Amino acid sequence: MVCSRFALRLLARADASGTREALVGDVLEEISCGRSRWWLYQQLIGLYGFTLAAHARHHARLTPSVVALALGAVLLGGASIASVSSVLEAWLGFYLVAGTLSLFAHMASRAQVNARL
């Protein structure tokens, strides 16, 4: 069997922590089809990423350092799945769109402040 005891424990813990049963079930089904350990550990990282994001969305306060750590984790996770060039391309596209939206939002808020004066 490709799956180690450690991976099974992580899957059980992910299921107990509120991860959707369908996700855990899909991973278990793929394990039974003979997926590799590398694939399994990538899926576990993804499962725990979803669980962490859901937990953070409900309980954590967003600060710049938390956002920076989350974005760094996303970049590292993306680099483990895809090539570095495609991860950087996607990141730069996201940065361009987010920066443009932020600029327009800032300009709109400044216009509102100036209109009040």
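The values are calculated or read from the model by the stated rules, or taken from the named source; none is laboratory data. Keep in mind it's a predicted model, so treat the numbers as computed, not measured. Note: ideal-geometry Cβ built from the backbone for every residue, glycine included; neighbour counts use all protein chains shown. The area values use the complete protein model at the heavy-atom level, side chains included, leaving out ligands, DNA and RNA. Shrake-Rupley method; radii C 1.70, N 1.55, O 1.52, S 1.80 Å.
The modelled label-to-label distance between Leu75 and Leu88, using points 7 Å beyond Cα along the C-beta direction, is 1.1 nm. In this calculation the C-beta distance from Phe6 to Leu101 is compared with R0 = 30 Å, giving a FRET efficiency of 0.10.
Rolling a 1.4 angstrom probe over the stretch 8-117 with all protein chains present gives an accessible area of which 66% lies on carbon and sulfur atoms. Take the stretch 43-94 with all the other protein chains still there, run a 1.4 Å probe, and you get 76 Å² of accessible area per residue.
Note on Ala54 and Ala108: with the Förster distance fixed at 22 Å, the Cβ-Cβ geometry gives a FRET efficiency of about 0.10. Relative to the longest principal axis of the Cα atoms of the chain, helix 21-32 runs at roughly 40 degrees.
Over the chain, DSSP H runs of length four or greater, each weighted -39,500 (n - 2.57), average out per residue to a 222 nm ellipticity of -28500 deg cm²/dmol.
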